[in-house]
1. For region 38-85: of the residues being touching an Asp or Glu at 6+ places or on another chain (Cβ under 9 Å) and basic (Lys, Arg), which is surrounded by the fewest Cβ atoms within 10 Å (Cβ to Cβ)?
2. Output the residue which, of all residues in region 126-158 that are acidic (Asp, Glu) and at negative phi, is surrounded by the fewest Cβ atoms within 10 Å (Cβ to Cβ).
3. Hey, can you tell me all the residues within region 125-173 that are touching a strand residue (DSSP E or B) at 6+ places or on another chain (Cβ under 7 Å) and in a loop (DSSP other than H, G, I, E, B)?
4. I'd like the residue in region 134-173 that is of a type in the set (Val, Ile, Thr) and under 22 Å from the mean Cα position of the chain (by Cα) and, out of all such residues, is farthest from residue 44 (Cα to Cα).
5. So which residues in region 88-125 are under 27 Å from the mean Cα position of the chain (by Cα), of a type in the set (Asp, Glu) and loosely packed, with under 11 Cβ neighbours inside 10 Å, if there are any at all?
6. With 6, 63 as the choices, which residue is assigned to a helix (DSSP H, G or I) and at pLDDT 95 or above?
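The values are calculated or read from the model by the stated rules, or taken from the named source; none is laboratory data. Quantities reported herein were computed from a predicted structural model and do not represent experimental measurements. Heads up, the Cβs are rebuilt from the backbone with ideal geometry, glycines too, and the neighbour counts pull from every protein chain shown.
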Amino acid sequence: MITKTLKAVAAFGCVVALTGGPVQAQELKIGYVNSERVLREATPAKAALARMEADFSKRDKDLNDQAGKLKAAADKLEKDAPTLPESERNRRQRDLVEQDRDLQRKRREFQEDLNQRRNEETAGIVERANKVIKGIFEGEKYDLILQDVVFAGPRVDITEKVIKALNAAPAAK
């Protein structure tokens, strides 16, 4: 929160510095882009999310199936425990503990792989969005385009324009 506030103060300082000199004949053209909205609503972002879900859904289902089997085995052991010899009960408990460790390890690996993939996909979308923003900046002669601001009015919000341009741009390979 403090970082966003500092960024806003720095951006305000830039605006004051740009407009604080001699009176300029033309108005300062400023734009604002809501990065979170771009990453949530742009077609390339939605496509990346769909690809990730397709790529990771089987692995997630396998982990959930393994967790279900482990729970069923634990329930069976709990039910059978009073009638089992102690050596058999101890062996089954050790097996369950080992299976649980294996499942937890697989879940951590899954989460790490998912996070890495999400970061890679996000980085690619951000790179493409930045190119689109730069094109808008140069094409429409903006003086300043900001992201991550505390407040921005609809007059300077160009997020929708960025999303439309990003959706229209050919997919990067």
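1. The extreme case among them is 51.
2. Narrowing region 126-158 to residues acidic (Asp, Glu): 127, 138, 140, 143, 148, 157.
Checking the rest, the ones that are also at negative phi come to 127, 138, 140, 143, 157.
Numbers: 127: 11, 138: 9, 140: 12, 143: 16, 157: 16.
This residue is 138.
3. Within region 125-173, the subset touching a strand residue (DSSP E or B) at 6+ places or on another chain (Cβ under 7 Å) is 133, 137, 142-147, 149, 152, 156-159, 162.
142, 143, 149, 152, 156, 158 - these are the residues of region 125-173 that are touching a strand residue (DSSP E or B) at 6+ places or on another chain (Cβ under 7 Å) and in a loop (DSSP other than H, G, I, E, B).
4. The first filter runs over region 134-173 and keeps only residues of a type in the set (Val, Ile, Thr), leaving 136, 145, 149-150, 156, 158-159, 162-163.
Those left that are additionally under 22 Å from the mean Cα position of the chain (by Cα): 149-150, 158-159, 162-163.
Details: 149: 24, 150: 26, 158: 18, 159: 15, 162: 12, 163: 10 Å.
Applying the filter and picking the extreme gives 150.
5. Here is the first cut: in region 88-125, the residues under 27 Å from the mean Cα position of the chain (by Cα) are 103-125.
Narrowing further to those that are of a type in the set (Asp, Glu): 109, 112-113, 120-121.
Within region 88-125, 112 is the sole residue that qualifies.
6. Details: 6 fails: at pLDDT 95 or above.
Selected residue: 63, the only one of 6, 63 that is assigned to a helix (DSSP H, G or I) and at pLDDT 95 or above.
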